[in-house]
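Written below as structure tokens is the structure these notes are about.
The values are calculated or read from the model by the stated rules, or taken from the named source; none is laboratory data. Quantities reported herein were computed from a predicted structural model and do not represent experimental measurements. We place every Cβ from the backbone using ideal geometry, glycine too, and count neighbours over all the protein chains shown. The area values use the complete protein model at the heavy-atom level, side chains included, leaving out ligands, DNA and RNA. Shrake-Rupley method; radii C 1.70, N 1.55, O 1.52, S 1.80 Å.
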Amino acid sequence: MPLGALRPSPLVEQAAEHLREQIAAGHWPVGTALPGETTLARELGVGRSTVREALRALAGAGLVRPRHGAGVFVIATEPVEDWPTRLRRAAVTDVYEVRTGVEVQAARLAAQRRTPEDITALRAALEGRRTAAAGDDAGFVEADIALHGAVVAAAHNPVLSDLFAEFVPVLREGLVTLLDLTRLRHEDANTGDDTHAALVHAVAEGDADRAAAVLLAELEQTLERLRGRR
């Protein structure tokens, strides 16, 4: 039974959804192996890398499981949570994985290179984040990004600054989605204030190891939430 070629963009999401529908319809019953990547790529009209990413999304949803040397096997016909939520969660997780690499290094450099003006800007951004806690998610996200941007600026590395600037639109969307998915602000409108205050303090004190550790712990905790482990 041919699967049918897909329309362009976003191909990974389309491929994953198409395969999920076939699994839910019983085209590949639980316990059976999916066709190989080459076959799926040909039938879907996409590249093997797209198929690989789609299979990873299916595995994350609890629908399939790879077996070394044997292939990818169907283990369930319904995802562990609704499909749109699973895709959104996976997308935000990717954002945070990249964010960690950029910002942890920036925090370390900021603690080594900050100026008195940088410290003033960081403290003002922290207060701005606290003030924004009384508003909606979008405003809170803007204030949170402004604080993280102040940390990156204090690193005085133009490459990191450019990377962060390019990353901000995706980060903004990802943070709003994160708050919607995890409902963190329903429990605490100023969620993460203690860690952000600790980050600002570490940078101001010139403690590079502490600044990097605080930010890494915060971002990794968020990744754990997104991956559904806590």
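Would you confirm whether any residue within the stretch 147-162 is under 15 Å from the mean Cα position of the chain (by Cα), assigned to a helix (DSSP H, G or I) and polar (S, T, N, Q)?
no
In the stretch 191-216, which residue that is charged (D, E, K, R) and touching a helix residue (DSSP H, G or I) at 6+ places or on another chain (Cβ under 8 Å) is least open to solvent (accessible area, probe 1.4 Å)?
Asp193
Return yes when Ala198 is of a type in the set (Gly, Ala, Ser), in a helix (DSSP H, G or I) and at pLDDT 90 or above and no when it is not.
yes
Among the residues of the stretch 92-117, write down those that are modelled with pLDDT under 80 and either of a type in the set (S, T, N, Q) or farther than 26 Å from Val214 by Cβ (or both). Explain how you work it out, then say what you get.
Start the filter on the stretch 92-117 by keeping residues that are modelled with pLDDT under 80, which leaves 92-96.
Passing the criteria: only Thr93.
Could you tell me which residue of the stretch 117-134 is farthest from Asn190 (Cα to Cα), considering only residues that are surrounded by fewer than 16 Cβ atoms within 10 Å (Cβ to Cβ) and among the acidic types (Asp, Glu)?
Across the stretch 117-134, the extreme among qualifying residues is Glu117.
Please go through the stretch 169-184 and give me each residue that is open to solvent by 20 Å² or more (accessible area, probe 1.4 Å) and either among the hydrophobic types (A, V, I, L, M, F, W, C) or in contact with a Lys or Arg (Cβ under 7 Å, 6 or more places away or on another chain) (or both), ordered by number.
Of everything in the stretch 169-184, those that are open to solvent by 20 Å² or more (accessible area, probe 1.4 Å) and either among the hydrophobic types (A, V, I, L, M, F, W, C) or in contact with a Lys or Arg (Cβ under 7 Å, 6 or more places away or on another chain) (or both) turn out to be Val170, Val176, Thr177, Leu181, Thr182, Leu184.
For residues in the stretch 135-148 being among the small types (Gly, Ala, Ser) and closer than 16 Å to Thr195 by Cα, which is surrounded by the fewest Cβ atoms within 10 Å (Cβ to Cβ)?
Ala146
Can you name the number of the only condition in (1) open to solvent by 30 Å² or more (accessible area, probe 1.4 Å); (2) in a helix (DSSP H, G or I); (3) touching a helix residue (DSSP H, G or I) at 6+ places or on another chain (Cβ under 6 Å) that Val104 fails?
(1)
On the basis of being surrounded by fewer than 19 Cβ atoms within 10 Å (Cβ to Cβ), under 28 Å from Leu181 (Cβ atoms) and either more than 26 Å from the chain's Cα centre (by Cα) or without any contact (Cβ under 8 Å) to a residue 40 or more places away in the chain (or both), does Arg52 make the cut?
It is true that Arg52 is surrounded by fewer than 19 Cβ atoms within 10 Å (Cβ to Cβ), under 28 Å from Leu181 (Cβ atoms) and either more than 26 Å from the chain's Cα centre (by Cα) or without any contact (Cβ under 8 Å) to a residue 40 or more places away in the chain (or both).
Condition check ((1) of a type in the set (Asp, Glu); (2) crowded, with 19+ Cβ neighbours inside 10 Å; (3) at pLDDT 90 or above; (4) in a loop (DSSP other than H, G, I, E, B)) across all residues:
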{"position": "Pro2", "(1), (2), (3), (4)": "no, no, no, yes"}
{"position": "Pro8", "(1), (2), (3), (4)": "no, no, no, yes"}
{"position": "Ala16", "(1), (2), (3), (4)": "no, yes, no, no"}
{"position": "His27", "(1), (2), (3), (4)": "no, no, yes, yes"}
{"position": "Glu43", "(1), (2), (3), (4)": "yes, no, yes, no"}
{"position": "Arg56", "(1), (2), (3), (4)": "no, no, no, no"}
{"position": "Gly62", "(1), (2), (3), (4)": "no, no, no, yes"}
{"position": "Gly69", "(1), (2), (3), (4)": "no, no, no, yes"}
{"position": "Phe73", "(1), (2), (3), (4)": "no, no, yes, no"}
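Quick check: is even one residue across the stretch 125-142 closer than 17 Å to Val104 by Cβ, of a type outside the set (A, V, I, L, M) and in a helix (DSSP H, G or I)?
Within the stretch 125-142, the first condition is being closer than 17 Å to Val104 by Cβ, and the residues that meet it are none.
No, the stretch 125-142 has no match at all.
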